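Before any comments, here is the structure.
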Amino acid sequence: MQSGDAEQILIRTPDRRLRVFVSSTLGELVDERRAVRSAVEQLRLSPIMFEMGARPHPPRALYRSYLLQSDVFVGIYWQRYGWVAPDMTISGLEDEFELSDGMPKLMYLKRPAPDIEPRLSALLKRLQSGDTVSYKSFSTAEELRLLVLDDLALMLTERFAPAAVPTSRGASGAAPEPTTSLVGRSTEIDDIAGLVQSGRRLITLTGAGGVGKTRVALAVLDHLQQARGGDSTFVDLSAVSDPQGVLVALAVGAGIREEGRENVTDALVRQLSVGSWLIVIDNFEQVLDAGPELVTLLQRCPRLQLLVTSRRLLRLRGETEYRIRPLPVTESLGSDGTGPAVTLFEERARAAQPDFTVNDHNRDAIVALCRRLDGLPLALELAAPQLRLFTPDQLLARIDDWLAGQTSDAAYADLPPRQRTLRATVEWSRGLLGGPAQPLFARLAVFSGSFTLDGAIRVCGWDGLDVPAGLGTLLDHSLVSPTTRPDGQPAFTMLETIRAQARSQLAASGEVDACSAALERQLIRVYAAAAPRLHSADQAQAALTLDGRLGDLSATLTWLHAERRPLAPLISALGSCWVWGQLRGRIRHLPDVSGWLQQLSGGDHDHEVDDHEVDDHGRDRAALSWLHMGQLVNACRYAEANSMLRYWLPEMRLLEDRLYGMALMVSGLSTLPGRGSEVRTARERLARAVDIFTDCGYRAGRGYALTHLGDASLLDGQPETAAGHYREAVQISRELGDLNLNADAEFHLAAFSAQAGNAAEAAAHLQIAAPYYLDLVHLDGMARCLAVAAGIALLHGDESRGAELLGAADALRAPLEIRPWPMIGVLEQRCSDALRTRLGDSAFAAAQDRGRTLDGRRELADLLQPTAV
């Protein structure tokens, strides 16, 4: 370097930034001045403003000194000309402009300005008539901020040496580079890229907050930048709250500057009409009123394509929606059956704890955690670092507390505030709601799972709330999503992470009791409608319908008990659908009511029951005892059911006839295969159940009771009477179209025939029973049929095949710990003993073990072939 260079090059100290003088009247443009200051500071420049602090100098001397030290002049004007000092002929506002001569200038006028003062109007006309400066119009502070940000960046690029030019990532339109890997989204990326390449011009990625819409959009943009020609850019609208600022943001993101008096729309059209453009617009949900502006651009720019992310559908013509869903928790992709949600959780946990890995010891807890967090990527990313403090089991045990108490302090600092907690993410969406959607969001939390439109109207519209309108809005905002119930009905659901927030809102609203009571009434209606279907050819579909209400039933029973409200009406309605409990074994998954029963009875089982004791307290005791009986039976705890019925059967006389008849039938059935007086007692109770069902017109109940009365008659040495009961049950089942009853009755005839040594007749009845059990997915029924088939194999002399079939029956029951009714167990044990005697212990055990490796359902289906049995 030559000695004279230092005199010609100004070497600035590190604290000396380019200074931007901001000129305007103060009182009327407070928000606008803040917006300009924000834009200047975002570019790492120094704003020079009177608000920066009081100084011991006259105002005129102060602003003149400031101007002399400034590099860029920004003028903001609206309606006021400003104060004219006694010793001056012009206002300070005009004086500032005059003194800025020779400086780069950016001038902005707020519109509309209906009350603009004459001297300001004259000043602006003088500016307009000159050729050294022009001004742009704006209407909101946010629009002004974006204009200044873009114009300053462009001015500095044009006027200053490259080393002095500050840069702004937001103004460049460059897509942010993710710092973590994207997991499990290859299908979505391919699908969306395909939509773009097929010519779809407005594609909106919707989904719940935190589901990963932005990450998918960035991945699609990256994929297409390599696969397609043309220009592309990324525009983040998260900081734009005014719809009028959207087009300005697009212009900034695309690096487009208005020329002369050109407005922002024309500038965009001028540039975007040339070539092929793909613009990714992120976070559109809070500026939906700007949607028509997008349509205008698309109409005027024929080769423009927009990929938009939004929690809410834009509802524009030509829009294609692609919903981003949470990651699957389990699927066949992983060698261990885990899905992308578990992979993502493991990756993020390993970032916090490098030696963490999913293994056989923690896999179940990790899968449960991912399922509890709905496979929502943001939830998984926020929860994974907690493994620095807790084991997976510990975190799972306290996950609800973590969700409720999560604070932003523990979140990733580079996340936007609205995504630092799940609560903030949901609140961001909820804050955009209006009309009936706000109260409906809270009320829908009363449902434990999916819900239909009709159910939502009945349960949440108890005060006339417009539920369809509110539900449509919640769908638009991705706070609820469409789904399909087990019975194929279209329905809606909330992610559990969203439902947790809705529950808090419901509790705060004071409407928990009103919504819960409405849900109880709806469940009673559902059970009343399903009861006749459960004894018809529509039985399997009816059972699936009730499967979808299990969570609601459990929650409502818990609420009724906690609020000390009558339980009997709901339990009685459930009792009319007892066949569902038998088919599905669902009642055991309800809250354990044994403790509730103890509370109601005061621990006193041994009391006389007054037939006239029909108050709510007595009915509730009877109803709870009936439900407890059903839970014990569902859990295959037959001896316990028999024991509790010794105390509670008299109490159940307070119930309606069909429920009391059910209790008598279970009492008789659980007593078998006893001896002597026990068999006679069982026959008496079963015969009494038959009579009760007959008197109340419950023909299906009579059919079921007859099959079990047939077992008791068989044990009592009356085989012909038993066969008569079985055949009458078959007749009733055929008249009703009750598939399960028909299967039960035909199975009993098959077992009866096999015991009698009639293999052909046993096989014929089995050919009828087995398909029904298969269609109903009745696992214990399938296992029973396999055991009868083992007996038939024994009669044919194929002992090894018989032992294999018993093993297959065991394998069907084992996963769910199903045990047959004692009477059926005795018959199967007799078959097992006979096979063991003929084969010998070792050969029998080997054959049974082979059977346990077989697919029981397939084996049963194969047995139905004409020559198989």
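The values are calculated or read from the model by the stated rules, or taken from the named source; none is laboratory data. It should be emphasised that the depicted structure is a prediction, and the values quoted were computed from it without experimental measurement. A quick note on method: Cβ atoms are made from the backbone with ideal geometry, for glycine too, and the neighbour counts reach across all protein chains shown. We work out accessible area using only protein heavy atoms, side chains counted, and drop any ligands, DNA or RNA first. Shrake-Rupley method; radii C 1.70, N 1.55, O 1.52, S 1.80 Å.
Based on the alpha-carbon gyration tensor of segment 748-813 and its eigenvalue square roots a ≥ b ≥ c, which shape applies: rounded if a/c is under 1.5, prolate if not and a/b is larger than b/c, or oblate?
oblate
Averaged per residue, what accessible surface does segment 19-160 expose to a 1.4 Å probe, in Å²?
That works out to 48 Å² per residue.
Over the Cα atoms of segment 761-859, compute the convex hull volume and normalise it per residue, giving Å³.
Here the figure is 90 Å³ per residue.
Hey, with R₀ at 30 Å, roughly what FRET efficiency would S65 and R111 work out to, going by the Cβ-Cβ distance, to 0.05?
FRET efficiency, S65 to R111: 0.40.
Leaving out ligands and nucleic acids, note down the accessible area per residue over segment 501-601 with a 1.4 angstrom probe, in whole Å².
Per-residue accessible area for segment 501-601 comes out at 37 Å².
Using alpha carbon centroids, what distance separates segment 482-553 and segment 562-603, in Å?
Between the Cα centre of segment 482-553 and that of segment 562-603, the gap is 17 Å.
Give me the one-decimal nm value for the distance between modelled label points at T296 and R270, 7 Å along each residue's Cα-to-Cβ direction.
Simple spin-label model gives 1.6 nm for this pair.
Just subtract the alpha-carbon distance of R653 and A756 from 0.36 nm times their residue separation and send over the number in nm, one decimal.
33.2 nm
For the chain, what does the alpha-carbon gyration tensor say about shape, rounded, prolate or oblate, given a ≥ b ≥ c as the root eigenvalues, a/c under 1.5 as rounded, and a/b over b/c as prolate?
Since a/c reaches 1.5 and a/b is larger than b/c, the shape of the chain is classed as prolate.
For helix 186-197, what angle does its Cα long axis make with the longest principal axis of the chain, in degrees from 0 to 90 and rounded to 10?
Taking the Cα atoms of the chain, the angle to 186-197 is about 50 degrees.
Enter the accessible area of F234 (Å², nearest 10), with the probe set to 1.4 Å and all protein chains included.
Here the accessible area works out near 20 Å².
Return the calculated 222 nm mean residue ellipticity for the chain, to the nearest 500 deg cm²/dmol, obtained by summing -39500 (n - 2.57) across DSSP H runs with n ≥ 4 and dividing by the residue count.
Computed ellipticity for the chain at 222 nm equals -17500 deg cm²/dmol.
Considering only protein heavy atoms and a 1.4 Å probe, what is the carbon-and-sulfur percentage of the accessible area of the chain?
50
When the dipole is taken about the Cα centre of the chain, and only Lys, Arg (+1) and Asp, Glu (-1) are charged at their Cβ, what size is it in debye, to the nearest 20?
Approximately 1460 debye in magnitude.
Run through segment 625-718 and list the trypsin sites (Lys or Arg not before Pro) located in a DSSP loop whose Cβ has at most 10 other Cβ atoms within 10 Å.
R675
To check my understanding: the extent here is largest minus smallest coordinate of the Cα atoms along each principal axis. What are those three numbers for segment 423-571, in Å, largest first?
For segment 423-571, the Cα extents along the three principal axes come out at 48, 35, 27 Å.
Under 23 Å between C-alpha atoms is the cut-off here; go through the chain and count lysine pairs that meet it, provided they're at least eight residues apart or on different chains.
Going through the chain pair by pair, I get 5.
Quick one: ranking R372, R525 by accessible area, 1.4 Å probe, largest first, what do you get?
Per-residue accessible area, sorted high to low, gives R525, R372.
What length, rounded to one decimal in nm, is gained on full extension from T187 through to V777, with 0.36 nm per residue of separation minus their alpha-carbon distance?
Working it through step by step, the gained length comes to 209.1 nm.
What number do you get for segment 340-410 when its Cα radius of gyration is normalised by 2.2 N^0.38 Å, N = residues?
It is 0.98.
Given a 1.4 Å probe, how much area per residue of segment 242-341 is accessible, in Å²?
41
For T89 and E41, what does the FRET efficiency come to when R0 = 41 Å and r is the distance between their Cβ atoms, rounded to the nearest 0.05?
Between T89 and E41 the formula returns 0.70.
Please give the length that would be gained between Q731 and D855 if that part of the chain were fully extended, namely 0.36 nm times their separation in residues minus their C-alpha to C-alpha distance (nm, one decimal).
Additional length available on full extension: 41.4 nm.
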